[in-house]
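The numbers here are math on the coordinates, done by the rules we state, and not lab data. What you see is a predicted model; the values in this text were computed from it and never measured. Cβ placement follows ideal geometry from the backbone for every residue including glycine, while neighbour counts extend to all protein chains displayed.
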Amino acid sequence: MKRNTRPAQTSSERVYRHLKHDIVTCDFLPGKSLSEQELCRRYHTSRTPIREACRHLEKDGLIKIIPFRGYFVAPLTMAEYHNLNEVQLIVEPAAAALAAQRATPDQLHKIQEWAEYVYRVGNQKSYYTFLDRNYSLHVGIASASGNDSLFDIVSEVHTRLMRFFYLVISVDSYGPELVTEHREIVRAIGNRDPECARQRTAEHIIRTMQRSANLLLTSTRSQLGFLGQATEWPALAAPSASEVQPFSGAVELEEDPQQRRTNR
């Protein structure tokens, strides 16, 4: 009989994983107040694991702890989205270039599989599946770079970006473009061409920033949850109303982001 050598998951780790999932997929909306009593009931645990998980999520930037007031889901802001995009543009092209040099055959197979997923336009469940594949692709490329620090940065950035894609920005109208860009990045990595991988990734991120800016500028403040003023964004032609289809809801993520390291 094969012995299970994997360490048992503590209560705080379990709560952290489930609460993080519920925040990232916007089951808990930005700005929502969370009581310990409510969280204890939801996750079938005591107050201590809840407190430990919330402290961890505060470090992740997903929860705000206000003394004598309690826990609040971190708001979404224009500044945060802009900052995350800038970090992407700095680190992800470098990660792709390293992946072109270091990716194993198994890693190449996985990122190719994630890049090939084409979601069905207008299908909410398919859209959420695409978001998960998109996360897997970007974090998988960072994992294939062989650099733990790059992996940590890209994983955190895309975890925080997921809330924007679930609640604020529907990329439903840009599906074919995204898939084409993903394929070009993966092709460059598979061809072991670091400079091409770097360039294709930078182009993809810049185009995504432009597409997202268009969609954000057409949304009202109430639709954005708690987003700030849009004055810092460049003036871009706004899409028609039919192109903006914000979704809400959740889909079970394939695995916890911290566990994706094992795919290397």
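Counting every other Cβ atom within 10 Å of each residue's Cβ, MET209, MET162 order from fewest to most as MET209, MET162.
What FRET efficiency comes out for the pair VAL121/ARG47, r = Cβ-Cβ distance, R0 = 51 Å, nearest 0.05? That pair, VAL121 with ARG47, gives E of 0.70.
Counting beta carbons within 10 Å around each of GLU92, GLU184 and listing the fewest first gives the order GLU184, GLU92. Calculated FRET efficiency, ILE65 to THR129, Cβ-Cβ distance, R0 = 45 Å: about 0.85 to the nearest 0.05. Local charge sum around ASP60 (other residues, Cβ-Cβ under 11 Å, Lys/Arg +1, Asp/Glu -1)? Value of the local net charge: +2. Exposure proxy ranking for HIS182, HIS18, HIS109, based on other Cβ atoms within 10 angstrom of each Cβ and starting from the fewest, stands as HIS109, HIS18, HIS182. Net charge within 14 Å of ILE205 by Cβ-Cβ distance, Lys/Arg positive one each and Asp/Glu negative one each, not counting ILE205 itself? The answer is -2. Here the peptides 131-143, 96-108 are ranked by packing, the mean other Cβ count within 10 Å, and the order with the highest first is 131-143, 96-108. Where a ≥ b ≥ c are the square roots of the eigenvalues of the C-alpha gyration tensor, would you call the stretch 76-167 rounded, which needs a/c under 1.5, or, failing that, prolate if a/b is larger than b/c, or oblate? Verdict is oblate for the stretch 76-167. Hey, with R₀ at 25 Å, roughly what FRET efficiency would ILE206 and ARG183 work out to, going by the Cβ-Cβ distance, to 0.05? That pair, ILE206 with ARG183, gives E of 0.90.
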